[in-house]
Amino acid sequence: VKKTRKILTQPHIEQPLLGDVKLLTGVGIHLADLLANLQIYTILDLLLHLPYKYQDRTRITPINYLQPSTHAVFEGKVVDIKFSFSRAKKRNLSLYLNDATGMIELKFFQFNANQLAQFKTHPVLRCFGEIKYGQRSLQVIHPEYEIVNEQFIHPVEANLRPIYPSTEGISQRK
């Protein structure tokens with residue numbers, strides 16, 4: 001009896017990482033075009049799109065210890081609200097936050113009525129932003145902020161936050 005020998009051939013090996021990013025759920029033509037601005041065409045390109053820096057949001061810095069030209073998380077109670085007008089006759093909003101160590105100014109060039117109503121109750125805010133020298137004190141322009149609820153205080157982030165190279169139309173969150 002003659003035995004027949006099976007010839008084994010390698011099965012076709014697919015390379016899913018080299019597939020187009022449009023294969024991913026949620027990535028359509030518009031998002032793929034935006035990703036192309038970042039030289040991201042394949043799933044592998046997306047995986048190798050690494051952060052270029054990290055932000056430390058793991059601790060709250062007392063206002064007195066804030067340093068210009070750095071980014072920091074800080075908390076304080078809104079103690080004063082002031083309006084001013086720019087040369088273009090647009091309203092600017094300045095909030096002054098105070099903690100047990102010092103005071104800092106938050107400047108908003110764009111704000112809405114809901115924000116203003118929140119601030120008028122003089123809440124405690126947790127903020128993040130770039131610390132700069134102001135005219136009278138340190139200031140942060142358009143900080144990220146949240147109102148600190150006394151019943152449930154949100155913990156600070158546990159890990160460093162990655163910051164990725166980005167392009168117009170794609171936020172860090174996305």
Given GluC sites (Glu not before Pro), DSSP loops and at most 11 other Cβ atoms within 10 Å, the longest exposed-site-free stretch of the chain is 15-149
Share of accessible surface on carbon and sulfur in the chain, whole %, 1.4 Å probe and ligands ignored, is 54
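What fraction of the Cα pairs in the range 24-78, stated in percent, has a spacing above 17 angstrom? Before the final figure, lay out the partial values.
Values: 869 of 1485 pairs.
The calculated P(r) of the range 24-78 puts 59 percent of pairs beyond 17 Å.
Which of the residue pairs 82/107; 22/53; 77/107; 82/120 have a Cα-Cα distance greater than 18 Å in the structure shown?
Numbers: 82/107 10 Å; 22/53 27 Å; 77/107 15 Å; 82/120 11 Å.
Pairs exceeding the cut-off: 22/53.
Rounded, prolate or oblate: which fits the range 58-159, taking a ≥ b ≥ c as square roots of the Cα gyration tensor eigenvalues, rounded meaning a/c under 1.5, else prolate when a/b beats b/c?
Details: a/c = 1.83, a/b = 1.30, b/c = 1.40.
Note, shape of the range 58-159 comes out oblate.
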Correct semi-axes for the range 43-104, from √(5λ) of the alpha-carbon gyration tensor and rounded to whole Å with the largest first, are 33, 21, 9
One finds the C-alpha centres of the range 150-174 and the range 101-135 to be spaced, in Å, by 19
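Taking only protein heavy atoms and a 1.4 Å probe, what accessible area per residue, in Å², does the range 15-174 have with all protein chains in place?
Numbers: 10700 Å² over 160 residues.
Accessible area per residue, the range 15-174: 67 Å².
At 0.692 mPa s and 37 °C, plugging the Kirkwood radius over alpha-carbon pairs of the range 70-109 into Stokes-Einstein gives what diffusion coefficient in µm²/s? Don't jump to the answer; show the numbers that get you there.
Details: Rh = 11.2 Å.
The calculation lands on 292 µm²/s.
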Note, the range 157-172: 3J(HN,Hα) by Karplus (6.51, -1.76, 1.60, θ = phi - 60°), whole Hz, Gly/Pro = x, goes 5, 7, 10, 5, 9, x, 10, 9, x, 9, 9, 4, x, 10, 7, 4
So, over other residues within a Cβ distance under 11 Å of residue 21, counting Lys, Arg +1 and Asp, Glu -1, the net charge is -2
In cubic angstrom per residue, the convex hull of the chain built on its Cα atoms measures 220
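The values are calculated or read from the model by the stated rules, or taken from the named source; none is laboratory data. Note that this is a predicted model, so its numbers are computed, not measured. Every residue, glycine as well, gets a Cβ built from its backbone with ideal geometry; the counts of neighbours run over all protein chains shown. SASA here: full protein model, heavy atoms, side chains in, ligands and nucleic acids out. Shrake-Rupley method; radii C 1.70, N 1.55, O 1.52, S 1.80 Å.
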